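The values are calculated or read from the model by the stated rules, or taken from the named source; none is laboratory data. Quick caveat: nothing in here was measured; it's all calculated off a predicted structure. Here the Cβ positions follow ideal geometry from the backbone for every residue, glycine too, while neighbour counts run over all protein chains shown.
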Amino acid sequence: MSDQQPEPIQDGDPHQALGSQVEALYALVQSLFREKVARDLLDAFETAFSALPDDAARAEVVGYWLDFYRLQRYKLLRQRRRPKFQERLKACSACGYPTSQRHHLWDVATHGENKVTIQLCANCHELHHLIYNALVRQSEYSRKLVLHALFSGRISRETGVRILGWCLATIRYEAGNGWIIPGSDRREWVEERLHWSEFLKIQDAKEGGA
Ligand SMILES: [Zn+2]
Ligand SMILES: [Zn+2]
């Protein structure tokens, strides 16, 4: 596998990607807080952001802030609209664990509450978000956690394949609408980021030998 110069973006400008991340962060903070509070938060962000040496460092920081405020929003939405008890009793669609949470394949911020959801247990839900971040946002932090999980021997082939499949479907949908730069779903990129064929090989050997 080639591990030099990650090149997920074939026909996009990385500055543009960073720019749209910053825009997304602004919109998110402004949607979560009243004007004065939002302004203070964004001032603090701008100060930290402008002190950084390069775009890679900036991308990392924007990614961190986006994660943080998306989680805030997720908690807020959960408060407003409690999932039905019957919903929580559905088994995880990825691994079969008996209780689950609702994951929106279509982002609630963009689409509002919608029915394009899957039920995932807490672990598969986290893994789904981590894989997305590792592929789309190029987060090293997320990528290391994904690799740790995939190669722990605790994720079955079937579970991994399902979660990656949903991630790629979301990525294609978002790229098709021009919300993210295309290319994060490329086979070579998935291979480079997640060492996917190695994961499959290990699982196959395990299942074959069982
Ligand atoms: Zn699960
Ligand atoms: Zn989710």
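Give the residues of segment 33-43 that are exposed (fewer than 13 other Cβ atoms within 10 Å of the Cβ) and modelled with pLDDT of 90 or more, sorted by residue number. Working first, answer last.
Looking only at segment 33-43, we keep the residues that are exposed (fewer than 13 other Cβ atoms within 10 Å of the Cβ), and these are 34-37, 40, 43.
Of everything in segment 33-43, just one residue is exposed (fewer than 13 other Cβ atoms within 10 Å of the Cβ) and modelled with pLDDT of 90 or more, namely ASP43.
Among the residues of segment 97-122, those that are loosely packed, with under 14 Cβ neighbours inside 10 Å, of a type in the set (S, T, N, Q) and not in a helix (DSSP H, G or I) comprise THR99, ASN114. Just the residues that are exposed (fewer than 15 other Cβ atoms within 10 Å of the Cβ) and out of contact with any Pro (no Cβ under 9 Å at 6 or more places or on another chain), please, taken from segment 167-190. Across segment 167-190, the qualifying residues are ALA169, ASN177, GLY178, TRP179, ARG187, GLU188. Scanning segment 155-181 for residues that are at pLDDT below 95 and more than 15 Å from the chain's Cα centre (by Cα) gives GLY176, ASN177, GLY178.
Let's see how each residue does on (1) part of a loop (DSSP other than H, G, I, E, B); (2) within 14 Å of ligand 2 (Cβ to nearest atom):
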{"residue": "CYS124", "(1), (2)": "no, yes"}
{"residue": "TYR141", "(1), (2)": "no, no"}
{"residue": "GLY153", "(1), (2)": "yes, no"}
{"residue": "TRP179", "(1), (2)": "yes, no"}
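If we scan segment 92-105, do we find a residue that is within 15 Å of ligand 2 (Cβ to nearest atom), out of contact with any helix residue (DSSP H, G or I) (no Cβ under 9 Å at 6 or more places or on another chain) and more than 22 Å from LEU18 (Cβ to Cβ)? No, the conditions are met nowhere in segment 92-105.
Contact map, segment 41-54: residues that are small (Gly, Ala, Ser) paired with residues that are outside any loop (DSSP other than H, G, I, E, B), Cβ distance under 8 Å, separation 6+ or inter-chain. Pairs shown: ALA48/VAL61. Selection of segment 85-109 for residues being β-branched (Val, Ile, Thr) and more than 13 Å from ligand 1 (Cβ to nearest atom) yields only VAL108.
In the set VAL62, VAL146, only one residue is in a helix (DSSP H, G or I) and under 25 Å from TRP196 (Cβ atoms); that residue is VAL146. For GLN16, the conditions (1) modelled with pLDDT under 90; (2) of a type outside the set (Val, Ile, Thr); (3) surrounded by 14 or more Cβ atoms within 10 Å (Cβ to Cβ) are fulfilled apart from (3).
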